[in-house]
Amino acid sequence: MNRSRFNLDFASRPWRFAIVAFVVALIFSEARLLTLLLLIIFLAIAAFHVLKKSSLFLNSLIVLCVIGLLFHILSMIDTARVRSYMNAHTPPDPAVAADGTYKGTGQGPRGSTDVFVKVQNGTIRDIELGYYLDAISIDRENMDVVRNIILARNSLDLNPDLIDRTPATRGFYDAVSNALWAADSGLPGVSVFTRMSYFLTRHHFSRFTFNALAVVFIVFLLFDYALQSVFRKDTGQSLVCYNCQTCVGACPVKMVEGEPYPMNMVLETRLGNYTRVVELARYCVGCGRCAGKCPAGISAPRLAAAAVSLVKRGHS
């Protein structure tokens, strides 16, 4: 068996996008599920190029699906047990909460809302607002109203109209509730598999999430195509092309398929379209006049040779 088939080409575009997707998933938690789905797609494409002639790719895909299914089943069992307890004890009762200060998180209108709830002897002693994007706004007054009522009653059993007055008050109430659930010693625990599943699949689908994710990948795509030739041996010189067409004037071929030659071959190399470069290389006579006239010293025959070598090795 040819061992070169299993040579992982981490410089290829699918691998680069997979790495970016992984980093974005860790940083941008609200889009983690969507980003990890993109990560899986990029990894599948990269693996397919490496293992497309081997049954190992299909076998690995089946094993990953089985592992994912087992994780999902375990998470469903844990989630059902926790959800059953929470439904029977909603809203959480401060009287059964262990002493301490607990952090809770809810979803506000522009992102997460964090609170710190101090509980002592079954009583909510204080509720401190933590991270919140719209802390200085009219919603802060509504949140303070909810906070004062909770402290006065020592209970989260409030009028639904008060809780849902604004998205900010709903997020604040959910954050306090989340903190009290964390303090509830009777709440069933979950396995490490469930915690990992929830960490990996955390998401909040919204217009802001999709827009931010789209901007990140569009910007990376632009830079990636601009810097493609940096990742490939002997193709970096294509980056300094001025598009001045001096090489076209020196080339005895000049035009190929209605496009200026050999400048079109240089630009295709810059974009990483090496298969297209190989097609265009058939028209090159190898005279080297382009390199002699080019103000940046770019040699189209050398780029063509590099592209042929990359295509033979299966790089893209």
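Just so it is clear, none of the values below were taken in a lab; they were calculated from the coordinates. Computed from a prediction, not measured in an experiment: that's the story for all the values here. Cβ placement follows ideal geometry from the backbone for every residue including glycine, while neighbour counts extend to all protein chains displayed.
Under a Cβ-only charge scheme (Lys and Arg +1, Asp and Glu -1), can you give me the dipole magnitude of region 233-312 about the Cα centre, in debye to the nearest 20?
In debye, rounded to 20, region 233-312 gives about 200.
Enter the Cα centre distance for the pair region 178-200 and region 83-131, rounded to the nearest angstrom.
Spelled out, the Cα-based centre of one part sits 13 Å from the other.
When Lys and Arg each count +1 and Asp and Glu each count -1, what net charge do the other residues less than 11 Å away from D224, Cβ to Cβ, add up to?
Within the 11 Å Cβ shell, the charges total +2.
Which label belongs to the value computed from this structure, given these candidates for Cα Rg over 2.2 N^0.38 Å: (i) 0.93; (ii) 1.49; (iii) 1.03?
Checked against the structure: label (ii).
Lysine pairs in the chain with Cα distance under 24 Å, only those 8 or more apart or on different chains: how many are there?
Taking the chain as the scope, the lysine pair count is 6.
Please give the net charge around D93, taking every other residue with its beta carbon less than 10 angstrom from that of D93, where Lys and Arg add +1 and Asp and Glu add -1.
-2
Amide H of R125: which non-local residues (sequence gap of 5 or more, or other chain) have their own amide H closer than 5 Å, using H built in the peptide plane?
Under 5 Å from the amide H of R125: K118, V119, Q120.
Going from the alpha-carbon gyration tensor of region 187-316, what semi-axes, largest first and in whole Å, does one get by taking the root of 5 times each eigenvalue?
Each semi-axis is the square root of five times an eigenvalue, giving 45, 16, 12 Å.
Can you tell me the orientation of helix 138-153 relative to the chain, as the angle in degrees between its alpha-carbon axis and the longest Cα principal axis, to the nearest 10?
In the chain, helix 138-153 runs at an angle near 40 degrees to the longest axis.
Compute the angle between helix 167-183 and the longest alpha-carbon principal axis of the chain, please, reported from 0 to 90 degrees and rounded to the nearest 10.
70
Restrict the search to region 156-237; then list the trypsin sites (Lys or Arg not before Pro) that DSSP places in a loop and that have at most 13 other Cβ atoms within 10 Å of their Cβ.
Sites meeting the loop and neighbour criteria: K233.
Relative contact order, percent, of the chain when contacts are C-alpha pairs under 8 Å separated by at least 6 residues?
Across the chain, relative contact order equals 16 percent.
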